[in-house]
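The values are calculated or read from the model by the stated rules, or taken from the named source; none is laboratory data. Predicted, not measured: the structure shown is a model, and the values here were computed from it. Glycine gets a Cβ as well: all are built from the backbone with ideal geometry, and neighbour counts include every protein chain shown. SASA here: full protein model, heavy atoms, side chains in, ligands and nucleic acids out. Shrake-Rupley method; radii C 1.70, N 1.55, O 1.52, S 1.80 Å.
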Amino acid sequence: METLEEVIVEHPFFRGLRAEYVTLIARCAGNVRFAPSQYLFHEGEIADRFFLVRRGLVSLEIFVPGRGPVSIQTVSEQEVIGWSWMVRPYRWRYTARALEQTRAVAFDASCMRRKCDANHDLGYEMMLRFAGIISYRLQATRLQFMDIYSLNG
């Protein structure tokens with residue numbers, strides 16, 4: 001059985017992360033499972049963690065008035081879910097729902113913020129890595145809305 005440190009080191013999101021940082025953040029992590037249709041979190045709730053998806057599929061959804069939940073992206077193995085833990089007011093900007101049996105590593109947000117505050121180099125490294133995720137999700141949302149408006153226009 002793999003240790004959490006081994007899982008973190010092998011995950012593409014953390015590829016190249018210094019060994020001492022891996023050791024630090026592994027102390028904030030734990031394995032989790034989600035059944036099909038189970039919610040990982042809901043838009044507007046406190047963002048208290050983020051996830052490395054190991055197996056499964058997760059739909060990222062936003063609520064559109066007059067339309068209901070709209071999927072902006074489907075996240076699969078080897079991807080990361082959750083950047084809202086880094087940005088005040090630490091509230092989820094979207095909803096995440098498992099589409100199938102999903103296994104992930106969950107990182108406690110309070111623990112991660114304390115580690116990043118204590119080690120600014122780690123904090124900077126995490127910010128750089130999550131900036132790419134934020135940019136990617138923003139683009140996916142933009143494209144999804146272009147599809148929605150072109151259907152209604």
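Here's the yes/no breakdown for (1) modelled with pLDDT under 90; (2) on the phi > 0 side of the Ramachandran plot:
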site	(1), (2)
G82	no, yes
Y90	no, yes
C111	no, no
D117	no, no
I134	yes, no
Q144	yes, no
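Which residue pairs have Cβ atoms closer than 6 Å, lie 6 or more positions apart in sequence or on different chains, and pair a first residue in the range 106-128 that is acidic (D, E) with a second residue that is outside any helix (DSSP H, G or I) and surrounded by 15 or more Cβ atoms within 10 Å (Cβ to Cβ)? Pairs that qualify, where the first residue is acidic (D, E) and the partner is outside any helix (DSSP H, G or I) and surrounded by 15 or more Cβ atoms within 10 Å (Cβ to Cβ), are D108/C28; D108/R49.
Yes or no, residue by residue, for (1) more than 11 Å from the chain's Cα centre (by Cα); (2) closer than 17 Å to Y136 by Cβ; (3) surrounded by 16 or more Cβ atoms within 10 Å (Cβ to Cβ):
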position: I8; (1), (2), (3): yes, no, yes
position: L24; (1), (2), (3): yes, no, yes
position: N31; (1), (2), (3): yes, no, no
position: F34; (1), (2), (3): yes, no, yes
position: Q38; (1), (2), (3): yes, no, no
position: R49; (1), (2), (3): no, no, yes
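When L17, L60 are screened for being surrounded by 19 or more Cβ atoms within 10 Å (Cβ to Cβ) and within 24 Å of M127 (Cα to Cα), only L60 passes. Within the range 67-97, being of a type in the set (D, E, K, R) and open to solvent by less than 80 Å² (accessible area, probe 1.4 Å) holds for E79, R97.
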